[in-house]
Amino acid sequence: MNADPSNCLVIEDSVPGVTAGKAAGMHVIAVPSVPKRTDEFSSADEIINSLLDLRPEKWGLPPFNDWIEGTLPIDPWFIGGPVIKGFGRGSKVLGIPTANLAAENFSDILSDHTSGVYFGWAGLSKRGIYKMVMSIGWNPYFDNTEKTIEPWLLHGFDEDFYGEELRLVIVGYIRPEANFPSLESLIERIHEDGRIAENALDLPEYAKYKESPYLRNPLQEGAATGGNEAEQEFI
Ligand code: ADP
Ligand code: RBF
Ligand code: MG
């Protein structure tokens, strides 16, 4: 390539690739192919969770121009099912209740989609449609062993709604899941995510999905659905 190695940026998902890039005197960003194995990639200059977190401007390159107001639009995905019991930690410890969906019903969708903080619209079969912000992943602060789906509906409810059919259209990405030095800083960050989602969902690019039939017409009351059939229904 006839380029000075110090002017090269390598993006690599394997340990040998990271090692090779550093041995060549290049800058290296690691995107580990296996989550939770970041220790093996410590020789990289930066470790990111997924390509959604690539920020070219950190490396003197032009920024991506598809981010809007702190959010990245994604091809929407559609998941739903009855609200199940979570850890009972969101409301009690954080003051942020999350209406959990059974992750095992969406294992194919979840393995396609990276962990992180996302937002979109939530339909509750007996109540209406609400703005929503959620995390998907292992909640690093609590170091969970299971990947969970944690949607926080941006609305004050007078009662719980366990068992009710919840439909989600996820339209954008905010940030990777992170660990925090204190519970207060985790709570503060989740409220910030809530403000970002609240504002972004008024943008036409995201607001239009509020009309998705998937949110309003449960295909089979109480049954879990996900992915392609739902997407076809929307189109
Ligand atoms: P936690 O989220 O506190 O770990 P659970 O997941 O078991 O515990 O319980 C949270 C429950 O709170 C949800 O299942 C839902 O019924 C209720 N809830 C009340 N308000 C909200 C809200 N704004 N967003 C999500 N869930 C809510
Ligand atoms: N947990 C984390 O450990 N790290 C996070 O960065 C994180 N971000 C979250 C963002 C949002 C918008 C929501 C709703 C939750 C987030 N959580 C995060 C999950 C939170 O810890 C979880 O909902 C509670 O532990 C309840 O099980
Ligand atoms: Mg919960």
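The values are calculated or read from the model by the stated rules, or taken from the named source; none is laboratory data. Note that the coordinates shown come from a computational prediction; the quantities given were computed from them, not determined experimentally. All Cβ positions, glycine included, derive from the backbone under ideal geometry; neighbour counts span all protein chains shown. Protein only, heavy atoms only, side chains kept; ligands, DNA and RNA dropped before computing areas. Shrake-Rupley method; radii C 1.70, N 1.55, O 1.52, S 1.80 Å.
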Q: Find how much the distance from Asp13 to Phe161 grows on full extension, using 0.36 nm per residue of separation minus their present alpha carbon separation; answer in nm with one decimal.
A: 49.2 nm
(Q) For the chain, what does the accessible surface come to per residue with a 1.4 Å probe? Please give it in Å². (A) 52
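Report, please, the projected area of region 5-59 averaged over directions, based on the convex hull of its C-alpha atoms, in nm².
Values: hull surface 13.6 nm².
Mean orientational projected area (region 5-59, Cα hull): 3.4 nm².
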Q) What is the sum of charges around Ala200, taking Lys and Arg as +1, Asp and Glu as -1, for the other residues whose C-beta is under 15 Å from the C-beta of Ala200? A) -2
Q: List the relative contact order of region 101-163 as a percent without decimals, with contacts defined as Cα pairs under 8 Å and 6+ residues apart.
A: 29
Q.
As a test, work out the antiparallel percent of DSSP beta bridges whose residues both lie in the chain, rounded to the nearest 5.
A. 85
Q) Over the chain, what is the relative contact order in whole percent, taking alpha-carbon pairs under 8 Å and six or more residues apart? A) 20
**Q.** Inter-centroid distance (Cα atoms) of region 101-145 relative to region 37-66, Å
**A.** 24
Q) Can you give me the relative contact order of region 13-103 as a percent, contacts being Cα pairs under 8 Å and 6 or more apart? A) 16
Q.
Can you give me the convex hull volume of the Cα atoms of the chain, divided per residue and expressed in Å³?
A. 144
**Q.** Amide H within-cut-off set for Ile96, under 5 Å, with H built and near neighbours excluded
**A.** Ser91
Q) What are the ³J(HN,Hα) values, in whole Hz, obtained from phi via the Karplus relation 6.51 cos²θ - 1.76 cosθ + 1.60 with θ = phi - 60°, for each residue of region 140-148 in sequence order, with x given for Gly and Pro? A) x, 4, 9, 6, 5, 8, 10, 6, 10
Q. Which ³J(HN,Hα) values, rounded to whole Hz and listed in residue order, are derived for region 4-10 from phi using the Karplus coefficients 6.51, -1.76 and 1.60 in 6.51 cos²θ - 1.76 cosθ + 1.60 with θ = phi - 60°, glycine and proline given as x?
A. 5, x, 5, 9, 9, 10, 9
Q.
Nearest 500 deg cm²/dmol is fine: what mean residue ellipticity at 222 nm does the chain get from its DSSP H runs of n ≥ 4 alone, each adding -39,500 (n - 2.57), divided by its residue count?
A. -5500 deg cm²/dmol
Q: Return the distance in nm (one decimal) between the two label points of a simple spin-label model at Thr38 and Asn65, each offset 7 Å from Cα along Cα→Cβ.
A: 3.2
Q) Using θ = phi - 60° and the Karplus curve 6.51 cos²θ - 1.76 cosθ + 1.60, what whole-Hz ³J(HN,Hα) does each residue of region 116-128 get, with Gly and Pro shown as x? A) x, 9, 10, 8, x, 10, 10, x, 10, 4, 9, 10, x
**Q.** Estimated inter-spin distance, Asp202 and Thr145, nm [label 7 Å along Cα→Cβ]
**A.** 4.5
Q) If packing is taken as the mean number of other Cβ atoms within 10 Å per residue, what is the order of 56-63, 176-183, highest first? A) 176-183, 56-63
